[in-house]
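The structure appears below as structure tokens.
The values are calculated or read from the model by the stated rules, or taken from the named source; none is laboratory data. Worth saying up front: this structure is predicted, and the values here are computed from it rather than measured. Reconstructed Cβ throughout: ideal geometry from the backbone, glycine too, with neighbour counts over all protein chains shown.
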Amino acid sequence: MKATREAIPAVLTELAKGGADIVALDADLAKSTGLDKFAAAFPDRFFDCGVAEQNMIGTANGLAAAGKTVFVGGFTVFTVGRAWDQLRNVTCYANLNVKICSSHAGISVGEDGATHQTFEDIALLRMLPTMKILVPADYWQAAEMLRAAAALDGPVFVRIGRPKVPFVYDESYKFEFGQAEVLRPGADVTLIGCGVTVKMALDAATELAEDGIHAEVINAATIKPLDEDTIIASAAKTGRVVTAEEHSVIGGLGGAVAEVLSENLPTPLRRVGLADRYGKSAPYEELFPFFGITAEEIAAAAREML
Amino acid sequence: MATTDELSRSDLKRYLEERALTLRRHCLEMIGRARSGHPGGSLSAADIVAVLYFHHMHQSHKNPRDPDRDRFVLSKGHAAPVLYAALAENGYIPLRDLQGLRQLDSKLEGHPDMNKVPGVDITSGSLGQGLSAANGMALAGRIDGRDYRVYVLIGDGESQEGMIWEAAMFGAHHKLDRVTAIVDYNNLQIDGHVSDIIEVQPLKDKWRAFGWHVLEVDGHDVIAIEDALKEADMMHGKPTVILARTVKCKGVSFMENKADWHGKAPNDDELRRALEELSCVPEVGA
């Protein structure tokens with residue numbers, strides 16, 4: 001178990017040591033993102049913008065326009081939500097090298113509750129031309145995605161979370177941008193997850209296998225651009241698809257998969273996720289069952305279609 | 001711009017006033033032809049932009065991406081016509097391109113796009129963001145040990161945006177003395193007088209309280225603008241803001257000081273009359 005956010009200081013420090021021309025900004029949350037550790041190692045390349053997310057993104061835009069690759073922290077609900085206009089009208093419109101590695105995305109924030117949880121960040125960013133969206137399933141994938149973010153041209157969002165999450169990969173993992181990964185082959189139903197729901201989908205597949213149901217599990221790690229070919233090919237094979245995410249079922253992974261399948265290969269689909277409602281305070285382990293985002297719910301959704 | 005450095009003050013004044021007049025004519029012709037655009041804030045800023053682009057800033061159309069160039073951030077992006085006119089007169093884009101403002105086959109968007117127009121240092125249009133961008137450019141220069149300065153033009157109505165004051169705090173905190181902000185203070189915004197909509201005064205006290213060096217000038221006195229810019233360049237340890245008192249739509253008698261001309265294009269007759277008024281060199285000592 002390791003939190004995806006722990007990859008932030010590790011990878012940024014590694015990049016800067018390797019000579020990458022990066023700068024990091026935060027909005028009074030450097031202790032949460034781990035950027036305080038990057039700041040300790042590279043004090044001239046870190047600026048804490050204080051509680052002012054709009055100015056953080058605006059400053060990042062200026063740094064990027066002057067040639068820097070800028071990583072921005074903060075909490076995702078504020079970095080993406082409050083500074084959305086700054087991201088829309090300058091970062092993305094001008095295709096600037098601003099990489100969002102804010103933390104505490106999703107409902108896995110837990111006790112802070114609805115104001116600090118995000119269920120709409122993927123939807124908000126998906127519709128911005130030039131934005132790339134990466135959702136890591138574990139620490140190792142997060143680290144690889146942060147490296148990829150630095151190398152990619154233009155804005156990138158890596159959806160980082162707060163809690164320690166189980167490993168799906170190991171240290172040898174290599175991320176391929178734009179590639180959905182088939183983690184387990186199967187012919188009866190396709191389970192597509194991203195982030196923490198990848199492990200849930202794998203557990204659901206194990207549960208279904210006990211009943212002789214062979215589920216194919218896909219990690220749609222790159223939400224934008226979505227790997228349409230892999231998803232369509234799997235749907236063509238299984239004829240049934242379940243998506244799962246700690247995000248609203250509107251506009252996120254489920255929405256994106258629904259768009260792709262509806263246009264290319266209409267396929268029965270169930271979307272597991274937040275059902276058009278706000279989050280709430282509780283230990284995050286209790287929130288997932290409360291909102292119906294679990295391996296059991298994914299398996300149940302699959303059985304509904306069989 | 002070495003050539004204008006050798007001019008006497010009176011010659012410089014005459015030269016820059018003529019340049020500003022040319023910018024104003026371009027702006028009205030562009031907006032008139034497009035039948036849309038923002039003449040008010042373009043004309044109020046014409047003298048400030050003329051001093052920056054025809055004398056004060058160090059940059060050249062020969063290398064619009066020169067990492068050492070001075071930067072200009074048009075935070076009030078709706079004044080795009082005056083920036084495009086200055087870039088065209090400086091050779092960044094052909095003069096004839098000005099005719100395409102806001103048209104489908106043109107790169108001259110209603111608000112400036114850094115990826116379409118050489119010389120535009122950052123994309124703008126959504127108000128309140130330019131000062132933050134200028135701060136970011138100055139930080140990048142500091143990291144790289146470059147000497148360039150960043151000039152950012154802000155509207156007075158735009159100063160109602162909270163982000164301006166976030167950036168003001170940030171700039172002072174980081175002692176960004178290579179940033180010079182200029183407020184185009186014409187006291188008019190779309191819905192009326194700034195002082196009637198949401199008062200921004202006392203602007204001088206506000207900026208001072210936020211830790212900035214504050215200068216006040218007549219925003220149509222090119223020599224006063226140049227002197228203020230020079231003083232700002234000499235400041236160490238804090239950024240400077242120049243509060244430039246201006247007149248909206250300055251230079252056209254029947255358009256001056258009217259909020260209606262914020263975002264309305266002159267019709268053919270109005271354009272003809274406006275260009276007539278702008279055809280002669282203004283009186284010395286205006």
**Message:** Which numbered condition in (1) among the hydrophobic types (A, V, I, L, M, F, W, C); (2) without any contact (Cβ under 8 Å) to a residue 24 or more places away in the chain; (3) away from chain B (no Cβ under 13 Å) is the only one that A:Ala66 fails?
**Reply:** (3)
**Request:** Report whether or not B:Val152 is closer than 29 Å to B:Val217 by Cα, in contact with a helix residue (DSSP H, G or I) (Cβ under 8 Å, 6 or more places away or on another chain) and either modelled with pLDDT of 95 or more or outside any strand (DSSP E or B) (or both).
**Result:** yes
**Residue tally, condition touching a Leu at 6+ places or on another chain (Cβ under 8 Å) and either hydroxyl-bearing (Ser, Thr, Tyr) or more than 12 Å from chain A (Cβ to nearest Cβ) (or both), over segment B:118-142** = 3
**Asked** Take the residues of segment A:21-63 that are in contact with a helix residue (DSSP H, G or I) (Cβ under 6 Å, 6 or more places away or on another chain) and of a type in the set (Val, Ile, Thr): which is nearest to the other protein chains (Cβ to nearest Cβ)?
**Response** A:Thr59
**Request:** Select from segment B:1-55 the residues that are modelled with pLDDT of 95 or more and β-branched (Val, Ile, Thr) and list them in ascending order.
**Result:** B:Thr22, B:Ile31, B:Ile48, B:Val49, B:Val51
**Message:** Let me confirm something: among B:Asp227, B:Asp268, which residue is touching a residue at least 24 places away in the same chain (Cβ under 8 Å) and surrounded by fewer than 17 Cβ atoms within 10 Å (Cβ to Cβ)?
**Reply:** B:Asp268
**Asked** Can you name the residue in segment B:228-261 that is among the small types (Gly, Ala, Ser) and assigned to a helix (DSSP H, G or I) and, of all such residues, is farthest from the chain's Cα centre (by Cα)?
**Response** B:Ala259
**Request:** Just name the residue that is surrounded by the most Cβ atoms within 10 Å (Cβ to Cβ) out of those in segment B:124-145 that are part of a loop (DSSP other than H, G, I, E, B) and out of contact with any Lys or Arg (no Cβ under 9 Å at 6 or more places or on another chain).
**Result:** B:Gln129
**Item:** Selection within segment B:143-193 - facing chain A (nearest Cβ under 9 Å) and in contact with a strand residue (DSSP E or B) (Cβ under 6 Å, 6 or more places away or on another chain)
**Value:** B:Val150
**The one condition in (1) within 14 Å of the chain's Cα centre (by Cα); (2) over 21 Å from B:Phe210 (Cα atoms) that B:Ile190 fails to fulfil** = (1)
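To keep it simple, each residue is scored yes or no on (1) out of contact with any Gly (no Cβ under 9 Å at 6 or more places or on another chain); (2) closer than 20 Å to A:Thr69 by Cβ; (3) modelled with pLDDT of 95 or more.
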site	(1), (2), (3)
B:Arg71	no, yes, yes
B:Leu74	no, no, yes
B:Ala79	no, no, yes
B:Leu104	yes, no, yes
B:Met114	yes, yes, yes
B:Ser126	no, no, yes
B:Asp147	no, no, yes
**Message:** Give me the strands (runs of 3 or more DSSP E) completely within segment A:202-255, filtered to those with at least 3 residues that are of a type in the set (Val, Ile, Thr) and at pLDDT 95 or above, ordered by residue number.
**Reply:** A:241-248
**Message:** One residue is enough: does segment B:85-104 have a residue meeting the conditions within 21 Å of B:Asn187 (Cβ to Cβ) and small (Gly, Ala, Ser)?
**Reply:** no
**Complete:** Per the list (1) within 14 Å of another protein chain (Cβ to nearest Cβ); (2) surrounded by 24 or more Cβ atoms within 10 Å (Cβ to Cβ), residue check on B:Glu109 breaks on (2)
**Asked** Consider A:Pro163 against the criteria (1) surrounded by 20 or more Cβ atoms within 10 Å (Cβ to Cβ); (2) of a type outside the set (Ser, Thr, Tyr); (3) farther than 23 Å from A:Gln54 by Cα: it satisfies all of them except one. Which criterion is unmet?
**Response** (1)
**Request:** Considering every residue within segment A:179-190, establish whether at least one is touching a Ser or Thr at 6+ places or on another chain (Cβ under 6 Å), over 29 Å from A:Asp21 (Cα atoms) and not in a loop (DSSP other than H, G, I, E, B).
**Result:** yes
